[in-house]
Amino acid sequence: SATLSINKVAALYGVPARTLSGRLNGRQDRHTAHEDQQLLTAAQETILVEWIIRYSTWGLSPRKTLVEEMAFRIADIQDVRIYRIGVHWYERFVIRQSSRISSSLSVTLE
């Protein structure tokens, strides 16, 4: 069987050859590589997303301040001592989780 070069496979799937080469050599995607710099781990964000979805099933739409408060509490429960949530944390969280929570959040950003 013929083997394909990284360049040919990258072109076939429409991804940059450097990206494919990096992944084959163990490089992580950008989100995973910076997870340790985020307020919550992926597992903690899942807990927060599940809470948002459950909250919205009650006919309520959590506002930015309430989501930030829950994030703070989740981090605190896990013994992660934080003193404040970053200015843009909420917006970035919504972008990261948009496919899961887009219809569950309040439209009004405080």
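The values are calculated or read from the model by the stated rules, or taken from the named source; none is laboratory data. Since the model is a prediction, treat every value here as computed from it, not as a measurement. Cβ atoms come from the backbone with ideal geometry, glycine included; neighbour counts cover every protein chain shown. Ligands, DNA and RNA are excluded from the accessible area calculation, which covers all protein heavy atoms including side chains. Shrake-Rupley method; radii C 1.70, N 1.55, O 1.52, S 1.80 Å.
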Point to revise | Every residue from segment 24-50 that is over 30 Å from Glu69 (Cα atoms) and surrounded by 13 or more Cβ atoms within 10 Å (Cβ to Cβ) | key: Arg27
Review point. If you take the residues of segment 1-23 that are among the aliphatic types (A, V, I, L, M) and out of contact with any helix residue (DSSP H, G or I) (no Cβ under 6 Å at 6 or more places or on another chain), which of them is least open to solvent (accessible area, probe 1.4 Å)?
Key: Val9
Practice item. Determine whether Leu105 is at pLDDT below 90, farther than 13 Å from Leu39 by Cβ and buried (at least 17 other Cβ atoms within 10 Å of the Cβ). Key: yes
